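Undergrad: If you scroll down you'll find the structure; I have some questions about it.
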Amino acid sequence: LKRILSTLDDACGRLTESTMSYSEQLIRIEQQDNDLCQTESEVKKQNAQLTKQLDAIGKKRQKAIEEKKKHDKQSQKLEKKYEEDMKRLDDEKKAIDTREIKRAQKQKDLAKKKKKQEEELKKKQKEHDSLKKKREGEIAALKKHVAAIRSKQELPGFWTKFKGVSMDVTAKLGSVPKFDQLRIPMSAKELDALRPFCQSLGPKITSGYRVENPFFWQDYCNYRETSAFTYRSFTKSPVTSPITPTMTSSNVPPWIKLHLESNEQFLFHGTSDVVTQSVIIQGYDNRLGGGLLGNGAYFAEDVNKASGYSSKCTKGNVMTIALVCLGPKPYMFGGSSQSFTKPPKIGSTDFSHTCVIGRNPREFVLYHNHAAYPLYILYYT
């Protein structure tokens, strides 16, 4: 029993020790459990903080993703724009290269053209110099011709007041004589000599005047010579016979020598006594005459046709006889009427016809004041 008790005591002691050890362990376990609870609380806190941090990181990540998408989109736009810009630059470079090639080619063409133009210019300059020299020669010849006309040609020999005076009378006379000084009364003998050449008008003539206007005669002669000179320049040859003969030599007084090269004729013009004053001073004003062929000075080879335009005054009806320069190229008009202001051109040349001739009974229309000179003013019944 004692052994058992002793064994039990030992066992109780060991049990007590074990219990104490267990209690200590429980205390430690509780302590550890408390530590774990505290640790778990801290972990939860940390987890909460981490969760917040993760949420913040997630938001940042989402924002970063969105920004990345936005950046990627902008990058794509920039890349596309870059590609477009590069393509545009390439196109511009190609265009510049093409333009440069064209410019170089154009420069070559311009150089060739310039060279050709310089050669043509030299050729034209040579031709111009040749023409200029030729024209200067022609002008010199014309001036010489005009000077010869003005200095050598005499006034009509049948004139009485200015008989024997040279063409250059302006320096000799100083001023234009008065109207009455330019019309010289015709003597009965002179009228009788003229009657046979006035057709049916001859026996009816009662009185008349001879017009001696050296100033206008000079203008008429200059026009006459210019007309012949122009024709010679145009045909390269002189006129040898009248191109449009209107009257035979038997119809022209022998003291009047017609100028062959200018196709000069002896024609009639019916008018009024008032108009004769201006006719004596300045000739036939083509602006005042009107008819089927426009404004011009009208003349006829048939005295009866001209008589139809004569007006009556106290001395009788008035008729003028004129030397008319028809020129080497009259225009034969076959129509009934046309309002000419000047004769038409000769074909495709720059030369114009010198007058217009109407149908039978023919009438001759002049469009230049110096193309006719009034020789006589006659009064008839």
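The values are calculated or read from the model by the stated rules, or taken from the named source; none is laboratory data. This structure is a prediction, so every number in the text was calculated from the model and none was measured. Positions of Cβ are generated from backbone atoms using ideal geometry, with glycine treated the same way; all protein chains shown enter the neighbour counts. For accessibility, only protein heavy atoms count, side chains too; no ligands or nucleic acids. Shrake-Rupley method; radii C 1.70, N 1.55, O 1.52, S 1.80 Å.
Undergrad: Go through GLU67, GLU83, GLU118 for me and flag whichever is open to solvent by less than 100 Å² (accessible area, probe 1.4 Å), in a helix (DSSP H, G or I) and without any contact (Cβ under 8 Å) to a residue 40 or more places away in the chain.
TA: Values: GLU67 fails: open to solvent by less than 100 Å² (accessible area, probe 1.4 Å); GLU83 fails: open to solvent by less than 100 Å² (accessible area, probe 1.4 Å).
On inspection, the qualifying residue turns out to be GLU118.
Undergrad: Of everything in the stretch 196-223, what is among the small types (Gly, Ala, Ser), touching a helix residue (DSSP H, G or I) at 6+ places or on another chain (Cβ under 7 Å) and modelled with pLDDT of 90 or more? Give them in sequence order. If you could, list the steps in order and put the result at the bottom.
TA: Our first condition is that a residue be among the small types (Gly, Ala, Ser); within the stretch 196-223, this holds for 200, 202, 207-208.
Keeping just the survivors that are touching a helix residue (DSSP H, G or I) at 6+ places or on another chain (Cβ under 7 Å) gives 200, 202, 208.
The answer is GLY208, and nothing else.
Undergrad: Further question on the same structure: Which condition breaks for HIS269 when tested against (1) in a helix (DSSP H, G or I); (2) modelled with pLDDT of 90 or more?
TA: HIS269 satisfies every listed condition except (1).
Undergrad: Would you pick out the residues in the stretch 189-225 that are touching a strand residue (DSSP E or B) at 6+ places or on another chain (Cβ under 9 Å), open to solvent by 20 Å² or more (accessible area, probe 1.4 Å) and either under 21 Å from TYR284 (Cα atoms) or small (Gly, Ala, Ser) (or both)?
TA: Across the stretch 189-225, the qualifying residues are SER207, TYR209, ASP219, TYR223.
Undergrad: All but one of (1) more than 20 Å from PHE340 (Cβ to Cβ); (2) crowded, with 17+ Cβ neighbours inside 10 Å hold for GLU301, so report the exception by its number.
TA: (1)
Undergrad: Which of the residues belonging to the stretch 175-188 are open to solvent by less than 40 Å² (accessible area, probe 1.4 Å), without any contact (Cβ under 8 Å) to a residue 60 or more places away in the chain and under 15 Å from LEU375 (Cα atoms)?
TA: Step one: of the stretch 175-188, the residues open to solvent by less than 40 Å² (accessible area, probe 1.4 Å) are 177, 182, 184, 186.
Okay, now just the ones that are also without any contact (Cβ under 8 Å) to a residue 60 or more places away in the chain, so 177, 184.
Within the stretch 175-188, ILE184 is the sole residue that qualifies.
Undergrad: Let me ask something else. Could you figure out which of (1) open to solvent by less than 60 Å² (accessible area, probe 1.4 Å); (2) within 39 Å of the chain's Cα centre (by Cα); (3) over 21 Å from ASP219 (Cα atoms) isn't true of GLY347?
TA: If we test GLY347 against (1) open to solvent by less than 60 Å² (accessible area, probe 1.4 Å); (2) within 39 Å of the chain's Cα centre (by Cα); (3) over 21 Å from ASP219 (Cα atoms), just (1) comes out false.
Undergrad: For the stretch 304-340, which positions are surrounded by 20 or more Cβ atoms within 10 Å (Cβ to Cβ), in a loop (DSSP other than H, G, I, E, B) and of a type in the set (Gly, Ala, Ser)?
TA: Listed by number, the residues that qualify are SER310, GLY327.
Undergrad: Can you pull out the residues in the stretch 350-381 that are of a type in the set (Ser, Thr, Tyr) and buried (at least 19 other Cβ atoms within 10 Å of the Cβ)?
TA: Quick first cut of the stretch 350-381, residues of a type in the set (Ser, Thr, Tyr) only: 352, 354, 367, 373, 376, 379-381.
Matches in the stretch 350-381: THR354, TYR367, TYR373, TYR376, TYR379, TYR380.
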